[in-house]
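For reference, the structure discussed in these notes is given below.
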Amino acid sequence: MFIDFHTHPLNHRYYYDGLQPAALTERDKADIRGLLAQGVERGLDAIAVTDHDLALSGLWAADEARRLGLPITVIAGCECELYHRGEWVHILALGLKEPLVYTPYTPAADLAARIHAQGALAVLAHPMAYGPAAYHSLKAVVDGVEYRNGAQARRGAADFTAVLDADGYRGLRLCGSDSHWPDEPAREQWEARTEMGEEEFLRLFGVKL
Ligand SMILES: [Zn+2]
Ligand SMILES: [Zn+2]
């Protein structure tokens, strides 16, 4: 089973201006459908839809994939930006049932508790972008770490495996493309995905692929 655990169908549309929409527009929906079609083309069995601080697109994508009978399972999520110990860090929420309530100043442990309250998982996104200090202060808070990220690989950042191995990290290790639709995905992003068995996916997300 191949899963991309990190995607942005709405690119940066609602990210930089901080204005979250109450409802998706027709253009938003068309872009989400485009990303899902590309996921099928990439040979993915599942895809996490994780827009910046926005769960609406992932929740809608999951319903839409089911409604259309697409051959791809959607994990609804979002990528939460927090100010943590003097730097901006990103935490992926995977498997949301409803939008999360938080601000950039919500402590990471509180955010993780809110994610867990929905039966979802908290994953530290692209730790190679911040350096080991963020990883070491957050590793006990999150369920997993994005050991490889397509957008970071495209910028030449090495994956985080060596740090995780040296630390004996035993949590989940996930890989995502971090592709921003409809940007032309670079090869590093097109191929970035996690290989996972059906049973593990079922155990983590309660969904049979
Ligand atoms: Zn990020
Ligand atoms: Zn991202």
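The values are calculated or read from the model by the stated rules, or taken from the named source; none is laboratory data. Because the structure is a prediction, the values reported are computed rather than measured. As a convention, Cβ positions derive from the backbone with ideal geometry for all residues, glycine included, and neighbour counts pool all protein chains shown. The protein model used for the area step is the full one, side chains on, heavy atoms only, and it has no ligands, DNA or RNA in it. Shrake-Rupley method; radii C 1.70, N 1.55, O 1.52, S 1.80 Å.
Assorted remarks:
- The listed peptides 194-206, 105-117, 72-84, ordered by packing as a protection proxy, come out as 72-84, 105-117, 194-206 (highest mean of other Cβ atoms within 10 Å first).
- Per-residue ellipticity at 222 nm from helix content only, as computed over the chain with -39500 (n - 2.57) for each DSSP H run of at least four residues, stands at -9500 deg cm²/dmol.
- Geometric extent, Cα atoms of the range 1-117 - Rg, Dmax (angstrom): 14.1, 45
- In this calculation the C-beta distance from L68 to D110 is compared with R0 = 30 Å, giving a FRET efficiency of 0.25.
- Protection proxy ranking for 157-166, 34-43, using the average of other Cβ atoms within 10 Å per residue and placing the highest first: 34-43, 157-166.
- For the range 152-209, the convex hull drawn through the C-alpha positions has a volume of 108 cubic angstrom per residue.
- Protection proxy ranking, highest mean first, for peptides 51-62, 170-181: 51-62, 170-181, where packing is the per-residue count of other beta-carbon atoms within 10 Å, averaged.
- With the charge dipole of the range 2-205 set up from +1 on Lys and Arg Cβ and -1 on Asp and Glu Cβ about the Cα centre, the Cα lying farthest toward the positive end among the listed residues S137, L68, H52 is that of S137.
- Along the axis of the charge dipole computed for the chain (Cβ charges of +1 for Lys and Arg, -1 for Asp and Glu, origin at the Cα centre), the listed residues V89, A125, A112 are led at the positive end by A112.
- Two-site label geometry, L19 and R203: point separation in nm, points 7 Å out along Cα→Cβ: 4.6 nm
- Between A166 and S137, full extension at 0.36 nm per residue minus the direct alpha carbon distance yields a gain of 8.9 nm.
- Full extension of the segment from V40 to W88, taken as 0.36 nm per residue of separation minus the current Cα-Cα distance, would add 14.0 nm.
- Volume per residue of the C-alpha convex hull in the range 2-205, rounded to whole Å³: 116 Å³
- Using the Cβ-Cβ distance between A30 and E98 with R0 set to 25 Å, the FRET efficiency from 1/(1 + (r/R0)^6) comes to roughly 0.55.
- Surface share of carbon and sulfur [accessible, 1.4 angstrom probe, percent] for the chain: 52 percent
- Rounded to whole Hz, the Karplus (6.51, -1.76, 1.60) HN-Hα couplings of the range 173-182, x for glycine and proline: 10, 10, 10, x, 7, 6, 7, 10, 4, x
- If only the Cβ of Lys and Arg carry +1 and only the Cβ of Asp and Glu carry -1, the dipole of the chain around its Cα centre is close to 200 debye.
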